[in-house]
Amino acid sequence: MQRHDVIVVGSGTAGYTAAHACRKAGKSVLVVDKRPFGGTCAMRGCQPKKILVAAIQAVHGANALHGQGVAGESRLDWPSLMRFKRDFTDAVPQGSERGFLDAGMATAHGLATFTGPRRLRIGEEEHEAEHVVIAAGAVPRKLDIPGGELLLDSDAFLELNALPESIAFVGGGFVCFEFAFICALAGVRTTVIHRGDRFLRNFDPDLVALLVEAGKARGIEFLSETMVNAVRKDGQGLLLDLAGSGPTSLHVHKAVAAAGRVPDLDGLGLDVAGVSVSPTGVGVNAFMQSVSNPAVYAVGDAADTPYALATTADMEAETAAINILQGNTTQADHAAVPSVVFSVPPLATVGMSEEQARQASEEQGFMLTVNTGDATGWMTSRRIGQKHAAYKVILNQDAGTILGAHLLGHNAEEMINVLALAIKFGLTRTQLKSLLWAYPTHVSDIKYMI
């Protein structure tokens, strides 16, 4: 039996944060992962995806300026882009594990399975710890339909050596939209199939509608309220059997199940440890502690929390580490969390939706202001050839504070951070307008939005 102060299951951003915080405080730490060290964000999520997005943004940005001083056709070189992506991801496992070892932690490879409330078996070895942090991340959701095994998942898409002539994405969220825009702007015939009536449900519906328009302008076909009932091989491609108001079948060269991710908890033996779990993750309290086993904390995609983002995973891991070290003194803070769809253009949101704000206004009795507008005529859009840009900023008119912000357009992913700062710390419209913004910049447009 090997004993440790803390065992961290998972080596991604959440596991890294929790492990290093505990080790810095003098705790003995074991980090274990059944996959190569590095986690989802660095290996199969945020970072590699953003490498692809950056390239397609550059191609689109150059082509959008035809007739405005730029000539010649830019195109995506997928093989060289994938080589560059792999130069980054291939180095992650060794560098990540080396970081743990250099900090004086122990590492292990393999599936960790609970054999008791504080004990885990890794291979043939038994380990025990005062506390266990589950930071196991998430895996792509599989579609349980006939022929579902013929669909790629998001991990496999990020490893394609070449793009197909045509592709379908099954889903209606972040991953689906981001990959769809990459493919369409690379010249791939692209279709998005979603069983629901609304795409990107966690984003403002008015701005989502504009983003769909932008997608259609780039050649993406959107099929809403459409089910994929089965997938079959058809020559060199696939035939998707559809049910809905549109076509009854679709032939594509490849198709991707892009219906989100689910916590990667299979094989952990959580029932043996008395850890309550649901399809959305380990049940935790405000301290990121298991609601049923006080020795266990869960963070990031493995925990049942409102967000599945790298930023919230880090915050939750920091919270768990503090509470392991000091007792349960600090609660996770999920206020004013910005989210971004890295499409072209990007879509960003933070704070209340318009519907939530109107309900709060009625219940609390304050006046509401909703500033919304089309930003395509602004010079920040015209000078880059941007055809789709808009904003919606929701304010408490009485207090002058921002309740929610929703942006579509170039640099929305950067601008939303300023508005998140304003919401989190209660900055007023007057305070924001008094700032001397660097000008002319996209961020300086905020003063016109509020």
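The values are calculated or read from the model by the stated rules, or taken from the named source; none is laboratory data. Worth saying up front: this structure is predicted, and the values here are computed from it rather than measured. Glycine also receives a Cβ, built like all others from the backbone with ideal geometry; neighbour counts cover every protein chain displayed.
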- Looking only at strands (runs of 3 or more DSSP E) that fall completely inside the stretch 275-375, which ones have 3 or more residues that are in contact with a strand residue (DSSP E or B) (Cβ under 7 Å, 6 or more places away or on another chain) and without any contact (Cβ under 8 Å) to a residue 60 or more places away in the chain? 368-374
- When (1) part of a strand (DSSP E or B); (2) surrounded by fewer than 20 Cβ atoms within 10 Å (Cβ to Cβ) are applied to Ile394, the one that fails is (2)
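With respect to Ala129, determine if the residue is assigned by TED's automatic domain parsing to the domain that holds Arg195 and among the hydrophobic types (A, V, I, L, M, F, W, C).
Working: assigned by TED's automatic domain parsing to the domain that holds Arg195: no; among the hydrophobic types (A, V, I, L, M, F, W, C): yes.
So Ala129 fails the test.
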- Out of the residues in the stretch 40-68 that are out of contact with any Leu (no Cβ under 7 Å at 6 or more places or on another chain) and among the small types (Gly, Ala, Ser), which is surrounded by the fewest Cβ atoms within 10 Å (Cβ to Cβ)? Gly67
- Item | Filter result for the condition that a residue is within 24 Å of the chain's Cα centre (by Cα), in the same structural domain as Ala91 (by TED's automatic domain parsing) and of a type in the set (A, V, I, L, M, F, W, C), over Ala42, Ala64, Ala71 | Ala42
- Item | Elements of type strands (runs of 3 or more DSSP E) in the stretch 230-271, at least 3 residues being not small (Gly, Ala, Ser) | 237-244, 249-252, 261-263
- Out of Leu52, Leu81, Leu30, which single residue is more than 24 Å from the chain's Cα centre (by Cα), not assigned by TED's automatic domain parsing to the domain that holds Ala214 and not in a loop (DSSP other than H, G, I, E, B)? Leu30
- Task: Would you please list the contacts, defined by Cβ atoms under 6 Å and residues six or more apart or on different chains, that run from a residue in the stretch 72-88 that is free of Cβ contacts under 8 Å to residues at least 40 places away in the same chain to a residue that is in a helix (DSSP H, G or I)?
- Result: Ser74/Val59; Ser74/Ala62; Ser74/Asn63; Leu81/Ala55
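Residues that are over 21 Å from Ser339 (Cα atoms) and at pLDDT 95 or above: list the helices (runs of 4 or more DSSP H) wholly contained in the stretch 408-450 that include at least 3 such residues.
Numbers: elements: 412-424, 429-434, 446-449.
Helices (runs of 4 or more DSSP H) meeting the threshold: 429-434.
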- Item | Residue list for the stretch 422-448, restricted to those being hydrophobic (A, V, I, L, M, F, W, C) and in contact (Cβ under 8 Å) with a residue 60 or more places away in the chain | Ile423
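Within the stretch 14-27, take every residue that is assigned to a helix (DSSP H, G or I) and basic (Lys, Arg) and give me the one that is farthest from Phe114 (Cα to Cα).
Among those that are assigned to a helix (DSSP H, G or I) and basic (Lys, Arg), it is Lys24.
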- Task: Take the stretch 407-448 and flag every residue that is touching a strand residue (DSSP E or B) at 6+ places or on another chain (Cβ under 6 Å) and surrounded by fewer than 19 Cβ atoms within 10 Å (Cβ to Cβ).
- Result: Gly426, Thr428
